[in-house]
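The values are calculated or read from the model by the stated rules, or taken from the named source; none is laboratory data. Everything numeric in this text was worked out from a predicted model, so none of it was measured. In this analysis, Cβ positions are derived from the backbone assuming ideal geometry, glycine residues included, and neighbour counts consider all displayed protein chains.
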Amino acid sequence: MSGFIPSNLLELRNQVEDDYITYVCVFFVLLIICALFLYFNPLDRKDQADDDEKAEPSEDNQPPAVPAPRIAMPQQPAAASPEVQPRQLRRQLEPRTEPQLQQRPQPQPQPEPQQARILVVDDSAVVRAKLGRLLESAGYAVWHAGNGVQAEILLGKSAFDLLITDLEMPEMDGFQLIAAVRGSIATENLPIIAITGHDELHTRVNACEGIYGLFRKPWNDREMLRRVGLLVQLHHMQPATEALPALPH
């Protein structure tokens, strides 16, 4: 009989056990709710912020600031007086001229020797052309005349270094031209070479003064150039008479 438990007691016991478990679960739930409340409670955060502000030193409690050392700045020059300042401005505005290097004197070009001028007089155009080509190939400047009259006109306008003339020509022959050249002060020292195709005129030429050479047609070119060069050189060594303007070629 001792092991017999009434049914009502057994039910009470089971009910107590169920209630105990329920209470335990409720307790743990409340405990969790309290923990979460304490973790997320804004009042605690506010208190913590107040505590932080109290922990920071206030301006009154801060130690006195140490003044920074002063750095000596360079003093600006005093402004120039109104009398001196315009002078300085004028000096600054004046253009600066760099010293010019001394240039070495350039050598002056030497004047080229004047080209010798020769007047060829002959009534034959073939003779004038042949003699002109020979003299021009040697470097002489050549003028041509068909008779004595044309030659006198050219001699009156310009100075020549040599006269080469034929002896037989119309209007004024070579003898008359030679006499006119010797009779003029401007041309009395002009050297003359005579050319002819007749041997009988040699005797008359020997009696004529002022002729420095006689060549028979056809002449030897080498001998002609040699005589021309010698007479031109001698004429340049003589004192000049009256200077006449040069004629264009």
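Is it true that Val228 is within 15 Å of Ile118 (Cβ to Cβ) and either of a type in the set (Phe, Trp, Tyr) or touching a Leu at 6+ places or on another chain (Cβ under 8 Å) (or both)? Explain how you work it out, then say what you get.
On the way: within 15 Å of Ile118 (Cβ to Cβ): yes; either of a type in the set (Phe, Trp, Tyr) or touching a Leu at 6+ places or on another chain (Cβ under 8 Å) (or both): yes.
Judged against the criteria, Val228 is a match.
State whether one or more residues within segment 37-57 are surrounded by 10 or more Cβ atoms within 10 Å (Cβ to Cβ), of a type in the set (Ser, Thr, Tyr) and modelled with pLDDT of 60 or more. No, that holds for no residue. For segment 183-222, a residue qualifies if it is assigned to a helix (DSSP H, G or I) and closer than 17 Å to Val120 by Cα, and exactly one does: Asp221. Looking at segment 196-208, can you tell me whether even one residue there is under 21 Å from Gln238 (Cβ atoms), of a type outside the set (Lys, Arg), modelled with pLDDT under 95 and touching a helix residue (DSSP H, G or I) at 6+ places or on another chain (Cβ under 9 Å)? The answer is yes, given that some residue of segment 196-208 is under 21 Å from Gln238 (Cβ atoms), of a type outside the set (Lys, Arg), modelled with pLDDT under 95 and touching a helix residue (DSSP H, G or I) at 6+ places or on another chain (Cβ under 9 Å).
Filter segment 182-220 for residues that are of a type in the set (A, V, I, L, M), within 58 Å of the chain's Cα centre (by Cα) and surrounded by 16 or more Cβ atoms within 10 Å (Cβ to Cβ) and give the result. Steps first, please.
Filtering segment 182-220 down to residues of a type in the set (A, V, I, L, M) leaves 185-186, 190, 192-195, 201, 205, 207, 211, 214.
The next check asks that each one be within 58 Å of the chain's Cα centre (by Cα); those that pass are 185-186, 190, 192-193.
Within segment 182-220, Leu190, Ile192, Ile193 meet the criteria.
For every residue, the table says whether it meets (1) out of contact with any strand residue (DSSP E or B) (no Cβ under 9 Å at 6 or more places or on another chain); (2) hydroxyl-bearing (Ser, Thr, Tyr).
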position: Arg117; (1), (2): no, no
position: Lys130; (1), (2): yes, no
position: Ser137; (1), (2): yes, yes
position: Val142; (1), (2): no, no
position: Gly146; (1), (2): no, no
position: Val149; (1), (2): yes, no
position: Gly156; (1), (2): yes, no
position: Glu168; (1), (2): no, no
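Residue by residue, here is whether (1) aliphatic (A, V, I, L, M); (2) crowded, with 20+ Cβ neighbours inside 10 Å; (3) more than 19 Å from Leu231 (Cα to Cα) holds:
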{"position": "Val126", "(1), (2), (3)": "yes, no, yes"}
{"position": "Lys130", "(1), (2), (3)": "no, no, yes"}
{"position": "Leu154", "(1), (2), (3)": "yes, no, yes"}
{"position": "Ala159", "(1), (2), (3)": "yes, no, no"}
{"position": "Asp173", "(1), (2), (3)": "no, no, yes"}
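With respect to the stated conditions, Gly174 is within 27 Å of Met237 (Cα to Cα) and at pLDDT below 90.
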